[in-house]
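Below: the structure, in structure tokens.
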Amino acid sequence: MFSWKNYFVIQADYQHWANEVLFASLEHLTPDALASDQGLYFRSIHHTVDHMLAVSELWLARLKGETHAVNFREIQHPDWRELQNALRRETRRLQAWLQDQDDAWFEREIEFAGSDGRARRMWVRDMLTHLFTHYAHHRGQVSAVATRLGAPCPEMDYVYYRREMERLLNEVRNGGSNPPTGG
């Protein structure tokens, strides 16, 4: 049976997985390439990933009914490794928090202050959809730039996530080994 809760918990897991695929691709780039102006809205790969983290923190605070000040113009995590780890922690924190909500919470509207200070209202499912498509939007931009700079093209599509999850489940079911293929 479909539930918004299960859907968004899985989507949060996918976000973590897709970020890991992107990070593996970005390992092929130098720190200078990560920090250089590549014509992105936030100029560099580093600043764009930092923005992804800042937006995730902002929307989770809104979902919780909290306020969170953010400055998108400045990089909050100048150390690349720390930024990666902070984004990893944030996506897992979001996933765990969503898991702790009851099903009815996903059917709510939430009031929050927008970036312009005005009061806004959104359905939880629209807020989460925005957050997760925001991740995908910026991962796509970073992926295109990274590929242009010589990094391997990361395969971050949701279908690849589902295939990886199925493979891992099959390994667990088969005691950690893949079944032999016959000839």
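The values are calculated or read from the model by the stated rules, or taken from the named source; none is laboratory data. Since we're looking at a predicted model, the values are computed, not measured. Cβ: placed from backbone, ideal geometry, glycine included. Neighbour counts: every protein chain shown.
I'd like to know if region 145-157 contains one or more residues that are more than 15 Å from GLN15 (Cβ to Cβ) and within 17 Å of the chain's Cα centre (by Cα). Step through it out loud before you land on a result.
Quick first cut of region 145-157, residues more than 15 Å from GLN15 (Cβ to Cβ) only: 145-153, 155.
Retained after the next criterion (residues that are within 17 Å of the chain's Cα centre (by Cα)): 155.
Scanning region 145-157 turns up at least one residue that is more than 15 Å from GLN15 (Cβ to Cβ) and within 17 Å of the chain's Cα centre (by Cα).
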Can you name the residue in region 82-104 that is without any contact (Cβ under 8 Å) to a residue 40 or more places away in the chain and among the hydrophobic types (A, V, I, L, M, F, W, C) and is also surrounded by the most Cβ atoms within 10 Å (Cβ to Cβ) among such residues?
LEU83
Test set (1) closer than 20 Å to LEU87 by Cβ; (2) part of a helix (DSSP H, G or I) - ALA151 fails condition number
(2)
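Yes or no, residue by residue, for (1) within 22 Å of MET122 (Cα to Cα); (2) among the β-branched types (Val, Ile, Thr); (3) in contact with a Ser or Thr (Cβ under 6 Å, 6 or more places away or on another chain):
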site: THR48; (1), (2), (3): no, yes, no
site: ALA61; (1), (2), (3): yes, no, no
site: ASN71; (1), (2), (3): no, no, no
site: ILE75; (1), (2), (3): no, yes, no
site: ARG81; (1), (2), (3): no, no, no
Within the bounds of region 115-129, is there any residue that is among the polar types (S, T, N, Q), at pLDDT 95 or above, under 20 Å from GLU20 (Cβ atoms) and surrounded by 10 or more Cβ atoms within 10 Å (Cβ to Cβ)?
no
For residues that are modelled with pLDDT of 95 or more, not hydrophobic (A, V, I, L, M, F, W, C) and not in a helix (DSSP H, G or I), tally how many sit in region 96-114.
5
